[in-house]
1. Out of the GluC sites (Glu not before Pro) in region A:17-111, which ones are loop residues according to DSSP with at most 12 other C-beta atoms within 10 Å?
2. Using r as the Cβ-Cβ distance of residue A:79 and residue B:18, and R0 as 45 Å, what FRET efficiency do you calculate, to the nearest 0.05?
3. Please list, short to long, the whole-number percent of alpha-carbon pairs of chain B in consecutive 10 angstrom bins beginning at zero.
4. Using 0.36 nm per residue of separation minus the Cα-Cα distance, give me the extension gain between residue A:20 and residue A:96 in nm, one decimal.
5. Evaluate E = 1/(1 + (r/R0)^6) for residue A:58 and residue B:83, where r is the Cβ-Cβ distance and R0 equals 35 Å; express this FRET efficiency to the nearest 0.05.
6. Using Cα-Cα distances under 8 Å and only pairs 6 or more residues apart, what relative contact order does chain A have, in percent?
7. Would you mind telling me which residue in A:66, A:75, A:40 has the biggest mean-square fluctuation in a Gaussian network model of chain A, where springs connect alpha carbons within a distance under 10 angstrom?
8. Filter the cross-link list A:42/A:94; A:106/B:102; A:58/B:57 down to pairs whose alpha-carbon distance in this structure exceeds 24 Å.
Amino acid sequence: GENVEQHPSTLSVQEGDSAVIKCTYSDSASNYFPWYKQELGKGPQLIIDIRSNVGEKKDQRIAVTLNKTAKHFSLHITETQPEDSAVYFCAASKGYQKVTFGIGTKLQVIP
Amino acid sequence: KAGVTQTPRYLIKTRGQQVTLSCSPISGHRSVSWYQQTPGQGLQFLFEYFSETQRNKGNFPGRFSGRQFSNSRSEMNVSTLELGDSALYLCASSPSQGGNEKLFFGSGTQLSVL
């Protein structure tokens, strides 16, 4: 089955700096790669996603890149703000099969 | 549109007991998935139901079971509770059109087994 590895497990950045979280996947057939943000006491919330036919996608301060050959994808957050502090999960899936999540990255933005 | 609703929010049980958790998906969503979240293991997939049928299953023992009703509401049951079952149990619904994408999560049920 699919295996998703995510790093780093924790990340501290100064407010205004950029943050990068990286994930690798094992199943070359996976074609959908979402990122979720989980704030304290809440369930994960989808913040951005990318499909295998696209190399990069941006939404304001967040962007995701995908390298299908290397089977890795990354989340980039620019101009970080304190409200970006949360746990971020990457995931991979294909078709109607289960969605496999990474272990999560705890991001702390220091004011 | 109302979000995914999970009840109860908190639950305390003792070893050997059983527990039933409930999930009401977003209206119109036909797929419901369950995940176990623990600090060291992240989000572990339990099972997914679509139109009252289990479509996917994770690697959990048979003590963990679930079902889905005709209105898409879902329940999961854990029998003979063990200390290691203490976790946050998350339910997610999806419109599931074209694939298992765009999961919408509830706030979860925090289960503590004493």
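Each reported figure results from applying straightforward, stated rules to the coordinates on display, with no laboratory input. These numbers were taken from a predicted model, which means no experiment stands behind them. Neighbour counts are summed over all protein chains in view; Cβ atoms, including those assigned to glycine, are modelled from backbone coordinates with ideal geometry.
1. Filter output for region A:17-111: A:39, A:79.
2. 0.35
3. In order of increasing distance, the bins hold 15, 50, 29, 5, 0 percent.
4. Here the segment from residue A:20 to residue A:96 would lengthen by 24.5 nm.
5. Efficiency, rounded to the nearest 0.05: 0.20.
6. 37
7. Answer for the Gaussian network model of chain A: A:40.
8. Cα-Cα > 24 Å for A:42/A:94; A:58/B:57; rest within.
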